[in-house]
Amino acid sequence: MRSTVVHPYQILRKLGSGAGGVVYYARDTTLLRPVVLKMWRMPKGTGDSAPEKVLREARIASSIEHPNVCAIYEVGEFDGDSFIVMQYVPGRTLAQLIARGPLSLQLALSIEVQISDGLAEAHRRGIFHRDLKPANIMITDGGLVKILDFGLARRNTAEQIAPAVTNGPKRKSYSTRGGTLSRTWRPNSS
């Protein structure tokens, strides 16, 4: 990175790196909000194009509008690097929470239900994350869960997922809010 400003995002600090990408905490100087800037350059000779890979990830992730999926704000290129700008989620990863010791039953269930809700919405849209792990789950201090990093996700066509959606089992409905869990049972109507 040759500059600390990627128009209009001012990079403030590095958050992490992996799989050829670097993740930064940045400030949107236009809307005056914190964001996460994920940047990478694909190595030459891999056959992959960084702009195409970034655009594919951004299109897949941004098509899921759900409170438990991190929002995508922008995708682009700057100074030879491809980037995605996404929602900044303050808090800790699930990996960090697990490392501190056992979670309370209430928190563990709340996290599980919220992850399931976000993934269910993705699956309804034919999107499969394929890299779900504790490091890709953020939990805010208030208990809200956000699923991150759809870089390995794949989208199936409507024809491939239609039978699974229409013939699926009846389900229980759960809702969460800030770390609390409530359960609503919907009996089978058959």
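Residue-wise test of (1) of a type in the set (S, T, Y); (2) within 16 Å of V69 (Cβ to Cβ); (3) modelled with pLDDT under 80.
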site: L97; (1), (2), (3): no, no, no
site: A108; (1), (2), (3): no, no, no
site: A153; (1), (2), (3): no, yes, yes
site: E159; (1), (2), (3): no, no, yes
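Cβ separations smaller than 7 Å between residues 6+ apart or across chains give the following pairs from segment 4-32 residues that are touching a residue at least 24 places away in the same chain (Cβ under 8 Å) to residues that are small (G, A, S) and in a strand (DSSP E or B): Y9/A26; I11/A26. Considering segment 80-94, and only residues there that are of a type in the set (S, T, Y) and part of a strand (DSSP E or B), the residue that is surrounded by the most Cβ atoms within 10 Å (Cβ to Cβ) turns out to be S82. When the test is whether a residue is modelled with pLDDT under 85 and either among the hydroxyl-bearing types (S, T, Y) or touching a helix residue (DSSP H, G or I) at 6+ places or on another chain (Cβ under 9 Å) (or both), S104 does not pass it. If you go through segment 97-115 and keep only what is part of a helix (DSSP H, G or I) and surrounded by 13 or more Cβ atoms within 10 Å (Cβ to Cβ), you end up with L97, I98, L107, A108, L109, S110, I111, E112, V113, Q114, I115.
Restricting segment 126-138 to residues that are of a type in the set (A, V, I, L, M, F, W, C) and touching a helix residue (DSSP H, G or I) at 6+ places or on another chain (Cβ under 6 Å) leaves a set whose member that is farthest from P67 (Cα to Cα) is A135.
The values are calculated or read from the model by the stated rules, or taken from the named source; none is laboratory data. All of these numbers come straight from a predicted model, not from anything done at the bench. Reconstructed Cβ throughout: ideal geometry from the backbone, glycine too, with neighbour counts over all protein chains shown.
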